[in-house]
Amino acid sequence: MINSFSLYDLVDKLGGEVIDDNKVAVTHVGSLQYAESNAISFFNDTKYNGYLSSTKAAAVILKPEHVLLTSKPKIITNNPYAYFAKVSQLLNPKKVNTPGIHPSAIVHPSSNVPVSCHIAENVCIQNNVILGEQVEIGAGSVVESNVILGDKTILESNVTIKSESIIGENCHIFSGAVIGNDGFGYAEESSADNGKRWVKIPQVGRVIIHAHVDIGANTTIDRGAIDDTVIAEGVKIDNLVQIAHNCRIGAHTVIAGCVGIAGSAIIGEHCRLGGGAMILGHLNIVDHVTISPGSMIMRSIQQSGTYTALMPSQEHSAWLKTAANVRQLTQLTDRVKKIEAALNNIENLKKT
Amino acid sequence: MINSFSLYDLVDKLGGEVIDDNKVAVTHVGSLQYAESNAISFFNDTKYNGYLSSTKAAAVILKPEHVLLTSKPKIITNNPYAYFAKVSQLLNPKKVNTPGIHPSAIVHPSSNVPVSCHIAENVCIQNNVILGEQVEIGAGSVVESNVILGDKTILESNVTIKSESIIGENCHIFSGAVIGNDGFGYAEESSADNGKRWVKIPQVGRVIIHAHVDIGANTTIDRGAIDDTVIAEGVKIDNLVQIAHNCRIGAHTVIAGCVGIAGSAIIGEHCRLGGGAMILGHLNIVDHVTISPGSMIMRSIQQSGTYTALMPSQEHSAWLKTAANVRQLTQLTDRVKKIEAALNNIENLKKT
Amino acid sequence: MINSFSLYDLVDKLGGEVIDDNKVAVTHVGSLQYAESNAISFFNDTKYNGYLSSTKAAAVILKPEHVLLTSKPKIITNNPYAYFAKVSQLLNPKKVNTPGIHPSAIVHPSSNVPVSCHIAENVCIQNNVILGEQVEIGAGSVVESNVILGDKTILESNVTIKSESIIGENCHIFSGAVIGNDGFGYAEESSADNGKRWVKIPQVGRVIIHAHVDIGANTTIDRGAIDDTVIAEGVKIDNLVQIAHNCRIGAHTVIAGCVGIAGSAIIGEHCRLGGGAMILGHLNIVDHVTISPGSMIMRSIQQSGTYTALMPSQEHSAWLKTAANVRQLTQLTDRVKKIEAALNNIENLKKT
């Protein structure tokens, strides 16, 4: 079954204005470059003018100021990308799984699974778990004791939710994610033979995840050591991200793949952490901060803005020289200081 | 049962030339350093001369130009390392699991599992899956709906293949890998209360993996947002790698552990990405490019070669000074400019 | 059931001295900042004086030299953090699961599972596995053939232990970890059509893990190519760490999240690798070395100490200038050299 919409159907549902409509119906979304003739695409940036003029898309979503750039049927809106996202949601409605518990799933009798939930093959739900309405749990996932999952939250296949974690409504947790694992906390002590040993600090906090949070594949979020780890509403986290114990991530912050956030870091609202960025522990980052990809942040950030810590890339033989000179930068700075003194001396001599 | 080969058996199968054979038979492979007297080893680089002269190996594989470096029984070939790989394959044949479906596995009746396949404990194969001949699926793996796996492809234990993914022949996917997960795509929009929210863009592309691709443990490869994510033939990917939506990886490229590749990056053929390297999104990297480990690549690369972006490591107190001077590098450059102007002035004065 | 201890109970078990006891009983641990009135906290560093003076904790653990900083009931000890760890272990005893094999678990008849073990839902134990006493294996975990697990070792949910791995006593392996996966080893060879292909080198070594090792969620440790990968006693490894084939990690070393260690690296004892650090292959790092977070180490380290390789972060527009100047650093160094020569020339002229 394929959904099909006219442009007027779309503006009825989503707002915006239709121009140059040629009674087209669209059934798919497409990129300008690869769209087929049944697709609707979007245009956001004049650097893609070339793709716009050659696209095979049936219709395009664009901003008022770009209305003259194409004679195609179009929808005009101030935010074409968000509009496109919603059109795609209409054309690609989330597949709703049939409610029910697969016979291979194991649900502890002390746990509550509403009949509106979908529990897939080989799922394990341990004791005292509370699921909201229409929760979906994918094959092979494990939900440990005392977990709470809010309404309409989805766990994909092979997710692990450790005991006591609390997850809000409309969250989406992807395969391989591990939520509520023990944090990495050890105290060093001298043992009888005067060697050093690591003593584990029991991790007795929880993970608390608010509504509308997405968590990517193979991402790990650790439970608090004493207090809780908290992910606020609307946070979106990509794959292979590590969030250590006691972190607090502010609402609507986005965290791209391979980011690591060390223990007790506090990240504000509406921040954006680029892929591979690393945040040291016990830092405080205010709202509306962007961290560039691959950047290690070692100090708290008190002012919103964009922060970067990257070596520029170079062809390897040029880099070898750069690296040698970076190692000598302190000496170079000293040499410049001496030169300035010598020049100053010469200037003074001239004056005398 | 242990396989045993004379050196003549090996050259019959693999080519090369036997020299100084003493009727040895080899049953194991070994490193020069640790080989026991039943092992065959290889020698590739004169910096390991010490290990060669003291090795206990029964025989050694080496290049024609190194023939005089040892009096041991030996096989001469131009590529000792690749030859050694094949000898090791002969001595350590891949264990073939008995065909059959373990009674604990769940296979949806709409899916096709040839009798030559091995389906292990607790595997879940959902609807409309098509498996080729001699596919092996390890314990606890989940293969979601509409997936296609080519002949002789192996999934190790606890792998997750998301719906619609297509994987070619002779691929090898290791434990914890997640293939075909939703990409990380959201559009920002202002909500009624003038706050910003993230709207999910449905990820409707697929992952297409060609033949002879290996994918490491806990690696994640996301499905395309609109178009597909494509991994070409012979690509080898290590553990904990993130490949985002719409990437295209060229044939025979190798990607070491902990690499992150952001969305829509296009990597050429025969590239080598060192461990921990990061590639920004929407970049284009041509064939035969090597990226050094730990290097963040922020621009497209149009010419083959090796590229590096790394701070050199220093003892911490020296690094502290270097870092302070790096922060002041713009000022230092300005100071040098002023010095040059002052000197120029002095030179001009002398001329007048 | 809640455990409750007087301060005298605690010093009876753990040593130390009680001062200003007001007959308090403690039932929980807490941070100074968030402790409730039934909790015991610790104080280690005068930069947290403010939290100490305002804490609601019933009692505090601190050093002899800090005894006058609070009038609260207190325990005096030289290492408050390690003492606190042990108090927390008393107040939060590890939950011991009831021995037994869940009916959904699959145990191959050739494997040995003592009656003191706890084997959870959907666990799969393949052939010839040997478990020690009181081993616990969490739901959905897979233990492949010929694995040995020592007494009291715990696998959390959804762990994968590949064949032939040997794990000592009292280890703790967290969800999603993959131990004993094939290492990433390929030899390049020219094929008939003169293209290059990668030939897999069978990975025939094992992973050997000694006692008291912790391994974090979604961490991967590869089996050796020929010889073994070895993790010594007391090593603690955080989440999302990659340890490649043939690495040897010395006793009591700690490895924070997102670290990558390439093949055949040898790390000493009592080292500390900060989060996101990367260690190149075939390096040798001596005992008692600290690597700063996010630092890439490209050379062996022969002397204990702290080593760092990081770009300092800057506001993005300042960084853009810094980056441009880093690229020009070789030229800047040459300019300084020329200036020095010119100045030298001027000085010489003055002398003549």
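Couple of notes before you dig in:
- Criterion: in contact (Cβ under 8 Å) with a residue 40 or more places away in the chain and closer than 24 Å to B:Ala225 by Cα - qualifying residue of B:Ala265, B:Ala251, B:Ala277: B:Ala251
- For segment B:240-283, filtered to residues that are more than 12 Å from the chain's Cα centre (by Cα) and of a type in the set (Val, Ile, Thr), the residue that is nearest to C:Glu188 (Cα to Cα) is B:Ile267.
- Members of segment A:302-336 found to be more than 9 Å from chain B (Cβ to nearest Cβ), surrounded by fewer than 20 Cβ atoms within 10 Å (Cβ to Cβ) and either touching a Phe, Trp or Tyr at 6+ places or on another chain (Cβ under 8 Å) or farther than 30 Å from C:Met298 by Cα (or both), listed by number: A:Gln302, A:Gln303, A:Ser304, A:Gly305
- The numbered conditions (1) away from every other protein chain (no Cβ under 11 Å); (2) buried (at least 24 other Cβ atoms within 10 Å of the Cβ); (3) of a type outside the set (A, V, I, L, M) are all true for A:Asn181 except (1).
- Within segment B:176-228, tally of residues that are in contact (Cβ under 8 Å) with a residue 40 or more places away in the chain, polar (S, T, N, Q) and at negative phi: 4
- Condition met for C:Val159 (within 11 Å of chain A (Cβ to nearest Cβ) and within 27 Å of the chain's Cα centre (by Cα)): yes
- Taking segment A:92-119 as the range and being within 12 Å of another protein chain (Cβ to nearest Cβ), under 17 Å from A:Val159 (Cα atoms) and in a loop (DSSP other than H, G, I, E, B) as the test, the residues that pass are A:His102, A:Ser104, A:Ala105.
- The criterion of at least 1 residues that are more than 14 Å from chain B (Cβ to nearest Cβ) and either in contact (Cβ under 8 Å) with a residue 24 or more places away in the chain or under 23 Å from B:Gly185 (Cβ atoms) (or both) is met by the following strands (runs of 3 or more DSSP E) wholly inside segment A:1-90: A:17-19, A:59-62, A:74-76.
- Extreme residue, surrounded by the most Cβ atoms within 10 Å (Cβ to Cβ), among residues of segment B:16-53 that are over 16 Å from B:Leu69 (Cα atoms) and at pLDDT below 90: B:Asn22
- Test for A:Arg248: is it more than 10 Å from every other protein chain (Cβ to nearest Cβ), among the basic types (Lys, Arg) and at negative phi: yes
- Failed criterion for B:Ala59 (all others in (1) in contact with a Ser or Thr (Cβ under 7 Å, 6 or more places away or on another chain); (2) closer than 25 Å to C:Gln203 by Cβ hold): (1)
- Residue in segment C:230-238 that is out of contact with any Ser or Thr (no Cβ under 7 Å at 6 or more places or on another chain), in contact (Cβ under 8 Å) with a residue 12 or more places away in the chain, closer than 30 Å to B:Ile2 by Cβ and not basic (Lys, Arg) present: yes
- A:Lys13 vs. criteria modelled with pLDDT of 95 or more, basic (Lys, Arg) and out of contact with any Asp or Glu (no Cβ under 6 Å at 6 or more places or on another chain): yes
- Residues of segment B:290-301 satisfying the condition of being buried (at least 23 other Cβ atoms within 10 Å of the Cβ), more than 9 Å from chain A (Cβ to nearest Cβ) and over 14 Å from the mean Cα position of the chain (by Cα): B:Gly294
- Under the condition of being within 9 Å of chain C (Cβ to nearest Cβ) and either more than 25 Å from B:Leu280 (Cβ to Cβ) or touching a Cys at 6+ places or on another chain (Cβ under 6 Å) (or both), the residues counted in segment A:264-281 number 2.
- Segment C:194-226, residues that are in a loop (DSSP other than H, G, I, E, B) and away from chain B (no Cβ under 12 Å): C:Asn194, C:Arg206, C:His210, C:Ala211, C:His212, C:Val213
- Selection status of A:Asn122, within 13 Å of another protein chain (Cβ to nearest Cβ), part of a loop (DSSP other than H, G, I, E, B) and over 27 Å from B:Asn158 (Cβ atoms): no
The values are calculated or read from the model by the stated rules, or taken from the named source; none is laboratory data. Note that the structure is predicted; figures quoted are calculated from it, not measured. Backbone-built Cβ (ideal geometry, glycine too); neighbour counts: all protein chains shown.
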